[in-house]
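Undergrad: Attaching a single structure in structure tokens format; questions to follow.
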Amino acid sequence: MRQGDFNGIRGIISPFKHIVQRYSFSLAAAILCMVLVDVFAYTLPILIQYITDHVFPTLGREENLPRLFLFGGLILLVAVLRGIMAHLMIRTFWYVAERVVRDIRNELFEKLQHLQAPFYDTARTGDLMSRVSNDVQMIRNFFSFGIEHRVRIVLISATVLVLMLIQNWRLALMVYIFIPMIFLMVVYFSKKMNTAVDRKHRQTGALSSFLQQNLRGIRIVKALGMEDTQIAEFDEENTSLKEAGMKVADLQARLNPLLILTNTLGTLVIVLYGGIQVIQGTGNTTLGTLLGFITYLSIMGFPVFILAFNTSLLSLASGASRRIHEVLSQSDQRQENSGRHRGAIAGAFEFRNVSFSYPQSSKVLDDLSFTIKPGERVAIFGLTGSGKSSLISLVPRFYEPDSGEILLDGVPLKDWDLEYLRSRIGMVLQESFLFSTTILENIAYGKPEASMEEIVQAARAARIHDFIQGLPEGYHNMVGEFGVGLSGGQRQRLAIARALLKNPQLLILDDCTSSLDSKTEVEIQEELRNLMAGRTTLIIAQRISTLRLADRIILLHEGRLHHMEAHDDLLKKSPLYRSTYETQMMFGSIGEDSMTGRS
């Protein structure tokens, strides 16, 4: 109905233009079928007008009956052809829609895999899930029938008004009086609809985030008896979503009857004004012309009745397109990966005056300078908040330093090919994440081409093989979501097996024995010594027994380097380290972890 509608369609398609172009032929075919559907519809009033003015008056003569059946057959043929075109139109639009949203969903998921860690520091998982599911669904609706409806609204309205003008300009002008009214109503409600739809989208994301967080922490909820509180909070979020949805529905419900009333008034004016002319025989208006006009108005009923729904759909798709584009437009590691260096890694690190801080936070690492020799095992020790985890996050370039430089084998870290660098690093984190698949696939995740013999060997080295063999389906036993059903120690041993299988050049161990009992820890430490042999290794640990695996220990305090010495030297030089050692000795086992927390 208005130029802005085309701008709206372009705005929705624009972020996905490169995808839509792949199916441009099919989309053109769908639009051609749509045009033919309406062309056949336009012929109906012409046939009715001709029959009324030229066939009915001659039906008194029996020889003219064949003409009536001929035109009746033409009407039936037009209906059949219109039905065929409608079938092809719907199938083709849906063909395009399903393929476009598949490609959008793939591209969005691929983008999420390559976004840098800082993005996920502030993004909510549930909101991202909502964009991949709900928002993409809105785009599918737009391509499957939203485009068709909006284009037909414009084409049918314009074509019918022109045909009416050709048939009888006086009657046509009576219809034109109502066009500005429809235009103003749509503009007014579209603005309100966009605001309401945007609120609904954001509330959907908030509800998804709440639900995802609740399900992931359901054991904590039960342990603390917070079920009723969570139910009340969910009800509050759900009510907010209901209210946002009702606002959209209310706007559509208010617009639709106004459009119906306006269209009915137009029909009434035509019947009264045209009827008077037919009765009085003035204005060159015949009964056929009047019936043709009424048929045209019935055709106009489609764009009028569908306009409110389509306005809502367009607003939903526009909001979804913006939210998906917000993710797709983020800079990711592929764009930031300007490094091209690849080569054998010896493992010599040099930190030169490295400082780092998270967005909107104080400095976490402050002017760190030290070197690590190839194959050296270096532990990182400090109180909670000292910057241990932040330091190791700079090595695989999850984050970039604010200032200073990190060199690997004399080459600045930013000059290494990022994918190549990370493929050479093995990481065992404090929180051992497992996928909801088989144990075999979890161990082989970093090396899917590994043989069964290699997987079993890695599991034996991590002291988890016997446990796996005792499971009903052994290595093919399914792991519960987030590793539910396994103890913390079992999850960590599977993570260690995964790292062992990868056989990396660089190794990062982030408090990876914290969930193990003392006996298992001692057993795995022996295997860790074998794993670390000849590999540069960074170890975050709070247990002195684990720190003793290192050749040297970095002692961090409030983000600054205080010492970098061997265990025995630190006992002499650092009161903090000596105090920790004595405290753990006091509890009767050097393996007890009295220093909780991480940074």
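Undergrad: Output the residues belonging to segment 408-422 that are crowded, with 16+ Cβ neighbours inside 10 Å and either without any contact (Cβ under 8 Å) to a residue 24 or more places away in the chain or more than 29 Å from the chain's Cα centre (by Cα) (or both).
TA: Selection gives LEU408, ASP409, LEU413, TRP416.
Undergrad: Next up: Considering only residues that are modelled with pLDDT under 70 and polar (S, T, N, Q), which ones fall in segment 475-517?
TA: If the condition is that a residue be modelled with pLDDT under 70 and polar (S, T, N, Q), then THR513, SER514, SER515 are the ones that fit.
Undergrad: If you check VAL132 against the conditions, is it part of a helix (DSSP H, G or I), within 22 Å of MET85 (Cβ to Cβ) and in the same structural domain as SER318 (by TED's automatic domain parsing)?
TA: no
Undergrad: Need the failing condition index for GLY534 against (1) at positive phi; (2) surrounded by 15 or more Cβ atoms within 10 Å (Cβ to Cβ); (3) not hydroxyl-bearing (Ser, Thr, Tyr), just the number.
TA: Tallying (1) at positive phi; (2) surrounded by 15 or more Cβ atoms within 10 Å (Cβ to Cβ); (3) not hydroxyl-bearing (Ser, Thr, Tyr), GLY534 fails exactly one: (2).
Undergrad: Would you check which residues across segment 119-158 are crowded, with 18+ Cβ neighbours inside 10 Å and either among the hydroxyl-bearing types (Ser, Thr, Tyr) or in contact with a Phe, Trp or Tyr (Cβ under 6 Å, 6 or more places away or on another chain) (or both) and list them?
TA: SER130, SER144, GLU148, SER157 - these are the residues of segment 119-158 that are crowded, with 18+ Cβ neighbours inside 10 Å and either among the hydroxyl-bearing types (Ser, Thr, Tyr) or in contact with a Phe, Trp or Tyr (Cβ under 6 Å, 6 or more places away or on another chain) (or both).
Undergrad: Whether any residue in segment 411-428 is assigned to a loop (DSSP other than H, G, I, E, B) and within 25 Å of GLY559 (Cα to Cα) is what I want to check.
TA: No, every residue in segment 411-428 fails to be assigned to a loop (DSSP other than H, G, I, E, B) and within 25 Å of GLY559 (Cα to Cα).
Undergrad: Filtering segment 437-460 down to residues that are part of a helix (DSSP H, G or I) and within 26 Å of the chain's Cα centre (by Cα), which residue is farthest from LEU507 (Cα to Cα)?
TA: Checking each candidate, the answer is GLU441.
Undergrad: Give the number of residues within segment 273-293 that are at pLDDT 75 or above, over 51 Å from the mean Cα position of the chain (by Cα) and not hydroxyl-bearing (Ser, Thr, Tyr).
TA: 11
Undergrad: Also, quick follow-up: If you check LEU570, LEU549, which single one turns out to be part of a helix (DSSP H, G or I) and either buried (at least 18 other Cβ atoms within 10 Å of the Cβ) or not acidic (Asp, Glu) (or both)?
TA: Result of the check over LEU570, LEU549: LEU570.
Undergrad: Count, please, the residues in segment 327-359 that happen to be in a helix (DSSP H, G or I) and either among the hydroxyl-bearing types (Ser, Thr, Tyr) or touching a residue at least 40 places away in the same chain (Cβ under 8 Å) (or both).
TA: Here the count works out to 5.
Undergrad: Let me ask something additional. List every residue pair whose Cβ atoms sit under 6 Å apart, with the two residues 6 or more apart in sequence or on different chains, where the first one lies in segment 8-25 and is over 19 Å from LEU328 (Cα atoms) and the second, anywhere, is of a type in the set (A, V, I, L, M) and surrounded by 11 or more Cβ atoms within 10 Å (Cβ to Cβ).
TA: GLY8/LEU314; TYR23/VAL96
Undergrad: Among the residues in segment 258-272, are any farther than 13 Å from VAL175 by Cα, modelled with pLDDT under 75 and either assigned to a helix (DSSP H, G or I) or more than 41 Å from the chain's Cα centre (by Cα) (or both)?
TA: Yes - at least one qualifying residue is present in segment 258-272.
The values are calculated or read from the model by the stated rules, or taken from the named source; none is laboratory data. Fair warning: this is a prediction, and the values are worked out from it, not measured in the lab. FYI the Cβ positions are ideal-geometry reconstructions off the backbone, even for glycines, and counts take in every protein chain you see.
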